[in-house]
Structure formats: C-alpha cells, structure tokens
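Structure record follows, encoded as structure tokens.
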Ligand SMILES: Nc1ncnc2c1ncn2[C@@H]1O[C@H](COP(=O)(O)OP(=O)(O)OP(=O)(O)O)[C@@H](O)[C@H]1O
Ligand SMILES: [Mg+2]
C-alpha cells in the first residue's frame, strides 16, 4: 500500500483519495479544520499547515506528499520535501500564490496576459493608471480566491478606495479584458516526463465563482487546442512540474490570454471523473508516482454544475438522466461549495435546465439564455 500525504483537506483532497483508493493508495491529510471533507475518506491530522510536529508526522507516515490547497505556506512544502518526495514542486506553489510572479512568468514565456502594474503604496496609483487605464481590477498579489481580494477600478479615486478596501496589501492593477468566453486547459506531467492534456473546458462564472463548465468546450478547433497546450506545456516546463496543473484562459477574438495558474487539480476539471477516460485526480496521482498516465480524451460532452450554499434533494438530482452527484460532506453555508453534479453524457440542455431549477444549483445567465 502506497501512503500519500496531502497538505489541505478540502474537496479536492477528498476526490484525490476517492480516485486513489482503487489503485491501492491510502491518504493522510494535514488540515486545520476538524471533520474535513477529505478527512471523512482518509486519515486526518488536525493541525496548522506550518505546525512543525504535524509536518514531521505527515512526512513520517507518507511515501510521497502532494497538496490540494494552493495557499499552504511554501515553507511547509519545502520542510516536507527535505524528508519525503513532494509533488508538485514547492516552487510552483510559490509562483501560483503570487500574482506578480505569475505575471512575470507569463511575460518571460511569451504568453499573453492582461496588462498590469504592481501597486503597493499610494505613490504607485498614478503610474499604475498610466500603464493600465480603467476599467481595471485591483487584485491582491496573494490569498485571492473566488473573487476575494479583487476590486473593480474605474479611476483614481476608486483605485485609492480599492487599495484601502484590500487593506493596502501588495497588489497588481490589471486591465479588464473584454473576452468572449473563459476557458481552462488542464495538463499533467509525470515525474518520468510524460505529458498529457485534457480537451479545453469552457467555464461560466457568476460574481467570480465558477457555476458551470462544458467539456470539451464547443467551438474549439485543432489550432486553439494546440495553442492552449503550448501555453500549459511552457508553464509546466518552466516550473519543472509534476502532477496536474490548470491554466485559466480568456478567449479574445480567437486569441488566448492567460489569467492565472492553479498548481493542483481544478474545479473546471471535475467533469473528468465521469467525462474523460481517466480523471484529473487519478492522473495527478499517477504523475506523482511515475506511473503511466491515463488517456485524457473525453467520452462525449459533459456539463458540470457546482452546488453552492444549499443542498438539492438527492432524488431530484438523480432522476435527471446522466447525472452524477458528488457531495463534499460540508455543512451548508451561504456561497460555500458543497458539491457538484456532472451530466455525462449531456446530449442536450434539458438536463442542465432541470438541475438549474433545484436549490443550490444556479445557472449563469449566459447558459440560461442558451
Ligand atoms: N482582467 C480581467 N478582466 C475581466 N474579468 C476578469 C479579469 N480578471 C478576473 N476576471 C473575472 O473574475 C474571475 C476570477 O478572477 P481570478 O481567477 O483572477 O481570481 P480568483 O479570485 O483567484 O479566482 P479563483 O477562484 O479562480 O482562484 C475570472 O474567472 C473572471 O471571470
Ligand atoms: Mg481564477
């Protein structure tokens, strides 16, 4: 039995453990919240991510270690790496945690991304507005997720207020992009160097929170898929990456503009559990273990819907043909990601519309229209 340790005990860890069980893998999660989503399907070490005793315990009880939460301190990952193999490399964590370093990497690799300027003090406001004329977004360099740490900016006064609103922490001002849609590319690189990519996924957010993904994304030609894979491959190579990585993209007039990188399995890849030959979770583990990667092609089209804030009744979900319900074992709370439903295969929109009438499942306005 191979023992996998994991920093973070949320739903991503839970789904890693569920994917790893058939392969004979066992899981231990270091997580500060009791009765965590992942702890319910593995062993939980209750403690802070940087608690030295807990880190030692995790390293001693694991054959290899990964993480499922990208805001774990890089130092914790490095500390673990001294005792036990860790994947993805802690360096990837450091880059993805900091929007400025992420931007610098995109620039170095020639990957288009929205124009930006660092903002750390009031003396940066005018220079930033010169480089990044509004409408723009002030984004904190670290600890942003689901739109937290992000404020829309319309001019000097609103930028000043935005910097106050984020507590004056180091940030970047980023030009708002008028994209036609959001896509993500998921890649996986094994410790043997083997590479694979999933078909592009189309993502619909509402208030910066993912609501719905369609995969494979419609209206993707071979050139667009290839371009996305090139971007993802360049980032993986730069970071000497091992595991699954997601690159969030904006599509603007057929061009891809990179938004951000997630050095882990990703919400926009949940459809792969039923909708791809091998799920992102299984491939992440195979990659870390140096085992052959699984086929990444899609079995027809899937639609994934997030369950947010409240739970729909089981029967109402399960009666929709092709629906697969995934609950994360979390207590309902406004806005909280409690689970997801994947329709796979999703031959038309009737199932999506039926699910969209249930509590906890809200369709984005674009999908309502379509
Ligand atoms: N420059 C931009 N122009 C237009 N929309 C944007 C821009 N940046 C972000 N958004 C919108 O806000 C969403 C969330 O932004 P982003 O992914 O940068 O932040 P996050 O809070 O870290 O999100 P995540 O939950 O993915 O980590 C994006 O998916 C997109 O819909
Ligand atoms: Mg994002």
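Annotations for the structure displayed:
- The smallest convex shape that holds all Cα atoms of the chain, its convex hull, gives 138 Å³ per residue.
- FRET efficiency estimate (nearest 0.05) - Cβ-Cβ, residue 120 to residue 194, R0 41 angstrom: 0.50
- Ranked packing of 60-68, 238-246, most packed first, by mean Cβ within 10 Å: 238-246, 60-68
- Residues 2, 72, sorted so that the one with the fewest Cβ neighbours within 10 Å comes first: 2, 72
- With contacts taken as Cα pairs under 8 Å at a separation of at least 6 residues, the chain carries a relative contact order of 13 percent.
- Residue order, fewest to most surrounding Cβ atoms within 10 angstrom, among 340, 314: 314, 340
- CD proxy at 222 nm, helix term only [per DSSP H run n ≥ 4: -39500 (n - 2.57); per residue of the chain; nearest 500]: -8000 deg cm²/dmol
- The distance from the alpha carbon centre of the stretch 304-321 to that of the stretch 98-131 is 40 Å, rounded to a whole number.
- Put a dot 7 Å past the Cα of residue 56, heading toward its Cβ, do the same for residue 255, and the two dots end up 5.4 nm apart.
- Gap separating the Cα centres of the stretch 208-243 and the stretch 11-55, nearest whole Å: 28 Å
- Fewest neighbouring Cβ atoms within 10 Å first, the residues 213, 158, 113 line up as 158, 113, 213.
- Of 159, 210, 318, the one that fluctuates the most in a GNM where the chain has Cα springs shorter than 10 Å: 318
- Radius ratio Rg over Rh of the stretch 115-175, counting only Cα atoms, Kirkwood formula for Rh: 0.91
Where a number appears in this text, it was derived from the coordinates with a stated rule and is not lab data. Since the structure is predicted, the reported quantities are computational estimates derived from the model, not experimental observations. So basically every Cβ, Gly included, is an ideal-geometry build from the backbone, and we count neighbours across all protein chains shown.
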